[in-house]
């Protein structure tokens with residue numbers, strides 16, 4: 001008996017990713033990805049299936065997209081952080097406390113249906129609260145959004161460090177070209 005499983009991390013939905021990370025036993029973990037009756041499968045096939053899924057989960061492949069299409073709806077990533085509302089901020093803060101379990105809710109804050117699109121510019125619908133609409137998107141999209149934040153934080157910290165170094169150099173450099181500090 002063959003157990004058909006996702007071949008690539010891109011084939012794993014966000015919901016499957018969340019369920020897997022709840023620490024399910026081997027059989028329930030495999031059952032997330034196949035309709036095969038595991039009671040009829042060989043122990044060897046079950047072990048290989050679990051090993052394959054464990055490798056996929058270790059080889060996460062984040063993919064960040066500003067615009068995604070899901071169920072014939074175009075969703076856009078928040079593109080104007082200056083207009084982030086208090087509700088969005090509070091919900092992101094609260095849901096980030098249990099990141100994986102709340103990944104679909106975080107996605108519904110970060111990605112919302114596009115109202116208007118012109119070339120590469122778009123506006124998204126106003127925030128009305130979270131939903132479960134993006135539970136079945138690829139898990140890689142969620143991880144890509146998280147990588148976006150990590151890279152943004154790193155860039156921000158590097159820019160601050162560079163700015164502070166420039167300020168420090170200005171403060172210790174002689175202003176009139178002569179003398180010592």
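What number goes with the only condition from (1) touching a residue at least 40 places away in the same chain (Cβ under 8 Å); (2) closer than 25 Å to residue 70 by Cβ that residue 7 does not pass? Only one criterion in (1) touching a residue at least 40 places away in the same chain (Cβ under 8 Å); (2) closer than 25 Å to residue 70 by Cβ is unmet by residue 7, namely (1).
Within the range 109-131, one or more residues are under 30 Å from residue 26 (Cα atoms) and modelled with pLDDT under 95.
Does residue 75 meet the test of being surrounded by 12 or more Cβ atoms within 10 Å (Cβ to Cβ) and either in the same structural domain as residue 142 (by TED's automatic domain parsing) or modelled with pLDDT under 90 (or both)? Yes: the conditions hold for residue 75. With respect to (1) free of Cβ contacts under 8 Å to residues at least 12 places away in the same chain; (2) closer than 15 Å to residue 145 by Cα, the lone exception for residue 106 is condition (1). Residues that are free of Cβ contacts under 8 Å to residues at least 40 places away in the same chain and part of a helix (DSSP H, G or I) within the range 109-149 comprise 109, 110, 149, listed in sequence order. Among residues of the range 20-63 being more than 20 Å from residue 7 (Cβ to Cβ) and at pLDDT below 90, the one that is nearest to the chain's Cα centre (by Cα) is 23.
Can you name every residue in the range 52-69 that is outside any loop (DSSP other than H, G, I, E, B), in contact with a strand residue (DSSP E or B) (Cβ under 8 Å, 6 or more places away or on another chain) and surrounded by 14 or more Cβ atoms within 10 Å (Cβ to Cβ)? Listed by number, the residues that qualify are 67, 68.
The values are calculated or read from the model by the stated rules, or taken from the named source; none is laboratory data. If you're wondering where the values come from, they're calculated on a predicted model, not measured in any experiment. Note that each Cβ is placed from the backbone with ideal geometry, even for glycine, and that neighbours are counted across all protein chains shown.
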